[in-house]
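Pasting a structure here, questions to come.
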Amino acid sequence: MRDRLPLVVLVNGAPGSGKTTLADVLAPALNLPVLHNDALCHGIWRTRERAMELGPSSVEPFYRSMGLWLESGISFVAERTFFPGVSEPDVAGRLRPFATLVHVHCRSTQSSRRWALRMRQDPLCGENRLNTLTPLVNRLNEELAEPLDFGCPVFIVDTDDGYDPSLEILVAEIDSIYSRPRIHDLDRVPQCEP
C-alpha cells in the first residue's frame, strides 16, 4: 500500500535548452531514476533497419514507460520537448491523476546553436536532416519561451551559464513540495550521549 502518489518531475524546454543535462544532474540529486525521450528514440532507431524509417514516434513509448513506472509506485524525472497544444492534454489525462507533478522548464538564449552542434555530432543525423528540422526547432524556441501549463508547480531554470536558480535551490524547492521519506531507525547513525 502506497503512502502517496509518486513524484514526477517533468523537465521541458526547447531543443538545445539543456533539458537532458539538467535531468542527468537533477535525478540523482533527488535520488530518482530518469527517463530520457531521446534515449527511447535511439532505441527505436537501433531496432530498425535504417534510422530514417522511424515509424511511430517516441511519444507513445514515452508515456507508456512513465505509466508503467507510476503503476509500480516509482517516482522519477522525465525529460523531453513537450509540444504546446498537444502535450498539456496528455499530461492532464495520463499523468496528473496518478502523480504529484512538478514542471521544470529550461530556458536558454543559446538553445538553437546548442541543438545544431549536438545534431552535427550525432552519427544518425546528416546535414539534410539538420536542414529539415531547423525550422521546427526555431519555431519551438519561440513557442517554448514560456512554460506550458501542466496544472502543477513550475520552476523556470536559465541554463545559459550554469543553472539559475542553482541545482541546490531547485532540489530544495522540489523537496519542499514532495518531502523525502523518513529514515528507518536502523539506518540512522547512533548519536553519542554527552
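The values are calculated or read from the model by the stated rules, or taken from the named source; none is laboratory data. None of the values given here were measured: they were computed from a predicted structure. FYI the Cβ positions are ideal-geometry reconstructions off the backbone, even for glycines, and counts take in every protein chain you see.
Restricting to the range 128-178, give me the number of residues that are at pLDDT below 90 and either surrounded by 15 or more Cβ atoms within 10 Å (Cβ to Cβ) or not aliphatic (A, V, I, L, M) (or both).
Taking the range 128-178 and keeping what is at pLDDT below 90, we get 128-145.
Checking which are either surrounded by 15 or more Cβ atoms within 10 Å (Cβ to Cβ) or not aliphatic (A, V, I, L, M) (or both) leaves us with 128-135, 137-144.
Going through the range 128-178 one residue at a time, the tally reaches 16.
Quick check: is even one residue across the range 6-23 part of a helix (DSSP H, G or I), basic (Lys, Arg), at pLDDT 90 or above and crowded, with 20+ Cβ neighbours inside 10 Å?
Filtering the range 6-23 for residues part of a helix (DSSP H, G or I) gives 19-23.
From the residues that got through so far, the ones that are basic (Lys, Arg) too are 19.
Right, trim to at pLDDT 90 or above and you get 19.
Pick out the ones that are also crowded, with 20+ Cβ neighbours inside 10 Å and you get 19.
Yes; the residues of the range 6-23 include at least one that is part of a helix (DSSP H, G or I), basic (Lys, Arg), at pLDDT 90 or above and crowded, with 20+ Cβ neighbours inside 10 Å.
Among the residues of the range 62-74, are any modelled with pLDDT under 80, in a loop (DSSP other than H, G, I, E, B) and not polar (S, T, N, Q)?
Within the range 62-74, none of the residues are modelled with pLDDT under 80, in a loop (DSSP other than H, G, I, E, B) and not polar (S, T, N, Q).
Those residues that are part of a loop (DSSP other than H, G, I, E, B) and more than 15 Å from the chain's Cα centre (by Cα), I need them from the range 75-98; list them, please. If you could, list the steps in order and put the result at the bottom.
We begin by selecting, within the range 75-98, every residue part of a loop (DSSP other than H, G, I, E, B); these are 75, 80-86, 95.
Of everything in the range 75-98, those that are part of a loop (DSSP other than H, G, I, E, B) and more than 15 Å from the chain's Cα centre (by Cα) turn out to be PRO84, GLY85, VAL86.
For the range 61-96, name all the residues that are of a type in the set (Asp, Glu) and buried (at least 19 other Cβ atoms within 10 Å of the Cβ).
Of everything in the range 61-96, just one residue is of a type in the set (Asp, Glu) and buried (at least 19 other Cβ atoms within 10 Å of the Cβ), namely GLU79.
Yes or no, residue by residue, for (1) of a type in the set (Val, Ile, Thr); (2) touching a Leu at 6+ places or on another chain (Cβ under 7 Å):
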site	(1), (2)
GLY85	no, no
PRO89	no, no
ARG96	no, no
ALA99	no, yes
THR109	yes, no
MET119	no, yes
ASP122	no, no
ASN131	no, no
THR134	yes, no
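Is there any pair with a first residue in the range 85-114 that is free of Cβ contacts under 8 Å to residues at least 60 places away in the same chain and a second that is in a helix (DSSP H, G or I) whose Cβ atoms are under 6 Å apart and which are 6 or more apart or on different chains, and what are they?
What qualifies is ARG94/TYR63.
Quick check: anything in the range 169-178 aliphatic (A, V, I, L, M) and under 14 Å from PRO15 (Cα atoms)?
no
Identify, by number, the condition in (1) in contact (Cβ under 8 Å) with a residue 24 or more places away in the chain; (2) out of contact with any Phe, Trp or Tyr (no Cβ under 6 Å at 6 or more places or on another chain) that ASP24 doesn't meet.
Looking at each condition in turn, ASP24 falls short on (1).
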